[in-house]
Structures are given as C-alpha cells and as structure tokens.
Amino acid sequence: MSRSSETSWWKKFLSPGWVITAVLIVIFSYFAFSFLAPWQLGKDDAIVERNDRIEASFEVDPVPVTDLVAPDGTYDRDQEWTRVTLTGHYLADSEVLLRLRPVESHPAFQSLVPFELTNGQVILINRGWVDAVDGTKVAPIADPPTSEVTVTGMLRVDEGVHTSQPLVDQGYQQVYSINTEQIGELTGEPLAEPWIMVTDEQPGSLNPLVLPQLERGNHLSYGLQWITFGVMAPLGLLIFVRSEIKERRRVREEEAELAAAGLDPHPENDPDTEPSSDDGEPAQAQRMRNRYGDSRRSHWAKKSDREQERI
C-alpha cells in the first residue's frame, strides 16, 4: 500500500455524510447545553423557590399589606406569596371578571374587585371563582360587602397583558389575564402593582383559589437528561468514527496479507483471470470463505449438493 493511501485515509471523513452528521450533532449539543437544559433547570429552581416561599408564609403571622407595598404602589417582587392583611372596603362597582380561566379542570370566572385601604391606597383582590354555566355563561356572583372589613390573602405578582383584548360580555367587564395596570385603566382606579389572592374564607370571598401543589415536578430530571443527551451525542459520533477507523484498518491489513501472499486483494476487478475451483467459484473467493467460515455458500447449497449426488 502506498504511503499516500496510508496518510490520507482521514480525508474520507470529509465526505458530505460525515460532515453533515458532525454539524448536526454540534448544533444539537449546543442547544442542549445553552437552552434546553437551562430552561428546565431554571423552571425547577423557580418551583423550588416558590414552594419555599409558600411554606415560609404559613410559618409566620400575616403582615399588613402596607409593610410590603409602598405608597406609590410599588413592591419587591421577591415578596410574592407572603400573607398579608388589608383593612378597608371593596369597590364593588369596579368588579372585573377573569374570563374562562380553568380551575380544577373546569372553565370558571374569577372575580377581581379593587379594594380601597383606609389610607386611600387601592389594591386588586381576587375573591375566587364561580363555575361557568354551559362552559361560557357567567353564574350568579354574590356582591362583596360594602362595609369596612379586614381581609387576609397572599401577595401575588401581576401577569403580563394577554394578546386577547378585554371585552364586555353578559354585563361584566372581562379580561384574559390579571394585569393590574390594564385593569386599572379599565376601572379608572389607580391600582397598586401587586394583587391579592384570597386563599380561605374571608369577607367577600367566593370559592377561594387552591394553592399550587408543593411538588418539585420533573423539571430537574428533564434538565439532567438534556445535559446527558448533549454529552452522549458527540461521544456517539466519536464511537462511530472509532469503529469506522478500526474497520478501515482491518480491511487494509487483510488487503496487505493477500498482497503478500501474491493474491489480488480486489478480485472483482478481473474476474475472468481468476482461477476457479471445481464448482466454478473463483478460487480466491473460496479461500476467503475458508478463512472466515464454511467454504460452502450456504446450507441450502449443501442440501442441493447432496441431492445432486443421489441423482
């Protein structure tokens, strides 16, 4: 074998098939490490942090909402899920419904009512939910009390503005997300940034929303799986390359042995000049089969030979 053929075998890995495979694996591993794994691990961290906050909120007494919400309505978003108390009265005429938000796998409407504190600050309260009649109709909703009351709930971060626009339906102003800025514009009330979720029987509450289950979920395992896939993909490519190199080396060694024995390593190039055995098979092909196994082509060939001998 020539020196050029020995030194240029690696150029065969520059074929389109190998190059495309390598590029796809690199892209996959990049996204696995830079996007997919961090996405799942980030969700796991957020759930763990949320669960810790919920558990911690029930280990201490609720605090006045004014301790967390500044007079200008701003607050620390890291204080979400803290239990707070509010003293004041509902602004029942400014009620807004959260439209068809599923609760316990059923379509429901949630009642959102501004609540004016004794200091004049207005904070949105989610009083809970009522089932949707026939899937889309608003069931009768009890009015909140008009007198001064004290309500306990959990501080919540407002949601983003939904792509669907608010609408008036069945006599109610309805929205698709709890965004205090948007609801404040609809009601004309200067709402603070957070909103309050009533979690148990409180003055003016309906069916309280259920707290999230304090379970971690599968996001951590999903994140670790993406990391594993990102590592295994290039390792798999290296294994295939190694196997291909070993196979090519084996073929070269066999060809060298045949050449050393004075045999043509590529008999298919000149089948007419190859001496044949008694059964008409090229002698070299027969010797190769003798080297790696039974010299017969198959068990069927054996059977046919025996039948011919009987004849």
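Read the figures in this text as sums done on the coordinates, not as results from a lab. For clarity, every value in this text was computed on a predicted model and none was experimentally measured. Please note: Cβ atoms are built from the backbone with ideal geometry, for glycine as well, and neighbour counts cover all protein chains shown.
Residue by residue, what Karplus-based ³J(HN,Hα) values in Hz, rounded to whole numbers, does segment 181-188 have, using 6.51, -1.76 and 1.60 with θ = phi - 60° and x for Gly and Pro?
Coupling constants for segment 181-188: 5, 5, 5, x, 5, 5, 8, x Hz.
Determine the gain in length on full extension of the stretch R242-V60; use 0.36 nm per residue of separation and subtract their C-alpha separation, reporting nm with one decimal. Don't jump to the answer; show the numbers that get you there.
Values: separation 182, 0.36 × 182 = 65.52 nm, distance 6.16 nm.
The R242-V60 span can extend by a further 59.4 nm.
Dipole size in debye (nearest 20) for segment 55-147 around its Cα centre, Lys and Arg Cβ +1, Asp and Glu Cβ -1? List each step's numbers first, then the result.
Values: 6 positive and 15 negative charges, 73 e Å.
Here the size comes out at about 360 debye.
Report the gain in length on full extension from V48 to L186: 0.36 nm times residue separation, minus Cα-Cα distance, nm rounded to one decimal.
On the way: separation 138, 0.36 × 138 = 49.68 nm, distance 3.51 nm.
Between V48 and L186, full extension yields 46.2 nm more.
Can you report the principal axis dimensions of segment 137-211 using only the alpha carbons, biggest first, rounded to whole angstrom?
32, 28, 26
Given a Förster distance of 22 Å, report the FRET efficiency between N119 and L167 from their Cβ-Cβ distance, rounded to the nearest 0.05. Could you put the intermediate results ahead of the total?
Working: r = 33 Å, r/R0 = 1.51.
Efficiency at R0 = 22 Å is approximately 0.10.
Hey, can you grab everything whose amide H is under 5 Å from the amide H of L124? Only 5+ residues off in sequence or another chain; H modelled, so Pro and N-termini drop out.
Sorted by chain and number, the residues that satisfy this are F115, A192, I196.
Ordered by residue, what ³J(HN,Hα) values in Hz, to whole numbers, does segment 38-50 give under the Karplus form 6.51 cos²θ - 1.76 cosθ + 1.60, where θ = phi - 60° and Gly and Pro are x?
Calculated HN-Hα couplings, in order: x, 4, 6, 5, x, 5, 5, 4, 5, 5, 4, 5, 4 Hz.
Amide H of A132 versus every other amide H placed in the peptide plane: which residues, excluding those fewer than 5 positions away on the same chain, fall under 5 Å?
Distant-sequence amide H within range of A132: A108, F109.
For a paramagnetic label modelled at 7 Å from the Cα of D76 toward its Cβ, which residues of segment 37-53 fall within the zone defined by backbone nitrogen distances under 15 Å?
53
Using +1 at the C-beta of Lys and Arg and -1 at the C-beta of Asp and Glu, which of I54, F13, N119 has the Cα lying farthest in the positive direction of the dipole of segment 1-123?
F13
Any idea what log10 I(q)/I(0) is at q = 0.09, 0.10, 0.20 Å⁻¹ for segment 102-258, Debye with uniform C-alpha scatterers and no solvent?
The calculated log intensity ratios at q = 0.09, 0.10, 0.20 Å⁻¹ are -0.48, -0.54, -1.34.
Identify the GluC sites (Glu not before Pro) of segment 120-183 meeting these criteria: DSSP loop state and at most 15 other C-beta atoms within 10 Å of the C-beta. Present the calculation step by step, with values, prior to reporting the outcome.
Numbers: sites: E148, E159, E181; in loops: E148, E159.
Within segment 120-183, the qualifying GluC sites (Glu not before Pro) (loop, at most 15 other Cβ atoms within 10 Å) are E148, E159.
Spin-label point model (7 Å from Cα, Cβ direction): what's the V231 to Y30 distance in nm?
2.2 nm
Which distance in nm do the two modelled labels at L214 and A92 give, with both placed 7 Å along the Cα-to-Cβ direction?
3.7 nm
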